[in-house]
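Enquirer: One structure follows; several queries about it will come next.
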Amino acid sequence: MTMHNSDDLDTTTTTSERRIEATKGLLSERLLAHTLGYPLSWHVIRTVESDRIYSDRIYAGNSGKRVDVYFNHVAAYTAALKWKEGESTGFENDGGQMLPRVSSFQVGDEVEVLYQPDECWYDATIVKVKEYEDDIRFTVHYTEEDSTQTNVYEELIRFPDINKKKKKKKKKPTKPKATTKPKATTNPKKITSGNEQKKMDGFLTKTKKTATTKKRKVSDSHQVEADNAQEMDLPEGWTARLLANKRCAIKSPDGKKFASKKAAFTYIGNDGVHMVETNKEPPPLENTVTMKIDEEGDPPWRQSNHVYLGKRVMYKILLNDESEIMQVGTVAGWIDEADQDEEGNPGFISERTGIPAPLFHVIFDDITKVSELHPYLLESQDLEEYELLDGLLDEKEEKKI
């Protein structure tokens, strides 16, 4: 990815006694942009070089999505004046002051591709380069295994080090396979050990429904969750993940999920074993909601058959001055980890684990009721399950609000 011309970057010196602070995340970027008069969806990243010197980069949208970027406020305000709320997008001005996006790899390049679960690199060849308006993805062919993987991020690809002797390592007998196309098996030959690698973080965006072809792999944390379940006197095969505020996420061997020990033991039964009774009628469908979701996704949001649908959630927003705003909303839609987009790729990839995962769409209560805080509040937010459980309200907590 080519960078901007540093001559275009505004560096500001202030004589004010007020301390200038750098932005610390997406929310603070959005709040700073709003304070400076930019459209509500724009972001500003502020870097503080000293007590009196700072610089701003202005983004026509989420700073993590490669939207148009401006390196001085004159150019940014000129573009902002043409912005039409609800119609304009952050990809209409040819990158803003960024040079045109250029792929680092071309078809036919021999490269190495990072396989995240075991943090090892594998020999591959670039067979296809696909440009999106906000990203570049690659299709690679693994040399050793004669298999293909689509939608590989540029951050996961590198050129081989010709001066470094490759260490060959014997294949493991149990390698995860692709979940989509039959050819997308992922067991190419290793060329470096895990000790030679550094884990790559931060290339995914939490609310972005993206794509990969890797299958879920049990991590080391599985044993910890199994131990937690054992301490709760749950039967063998159950897992429990401990969350904030004394909450927990419990999962049964047959895939059922519970937000409390009481619900889990009710499902299990008094004898400690969940019995399947064939003479009972089929259980009713899980929660269904009819709330309107303005955002159309690929895959579309489901609005039925999940226990979290209709549940109330409290979401915390941290402001620049480190004060907090609490918003309450309702779970209005969800994506299953098995859902796929039109191209047959998983609908959402977890930012924390890098594998397909459920995603939940929360619509917040009418934000116009709190007029003085209106500029800082969100209309909706997509949450992973562990984030949702952190803010999930029980009946007693709902009544207090």
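The values are calculated or read from the model by the stated rules, or taken from the named source; none is laboratory data. Nothing here was measured: the structure is a model prediction, and the numbers come from that model. Glycine also receives a Cβ, built like all others from the backbone with ideal geometry; neighbour counts cover every protein chain displayed.
Enquirer: Restricting the search to the stretch 18-50, which residues are part of a loop (DSSP other than H, G, I, E, B) and in contact with a Lys or Arg (Cβ under 7 Å, 6 or more places away or on another chain)?
Expert: A22, T23
Enquirer: Another question about this same structure. With surrounded by fewer than 18 Cβ atoms within 10 Å (Cβ to Cβ), hydrophobic (A, V, I, L, M, F, W, C), modelled with pLDDT of 75 or more and closer than 22 Å to E29 by Cα as the only criterion, which of L377, L383, L319 stands out?
Expert: None of the others qualify; the one that does is L377.
Enquirer: Right, here's the next one. Considering V107, V140, which residue is at pLDDT 85 or above, surrounded by 20 or more Cβ atoms within 10 Å (Cβ to Cβ) and touching a Lys or Arg at 6+ places or on another chain (Cβ under 9 Å)?
Expert: V140
Enquirer: Then there's this: Whether any residue in the stretch 326-338 is modelled with pLDDT under 85, surrounded by fewer than 16 Cβ atoms within 10 Å (Cβ to Cβ) and outside the structural domain of T150 (by TED's automatic domain parsing) is what I want to check.
Expert: The answer is yes; a qualifying residue exists.
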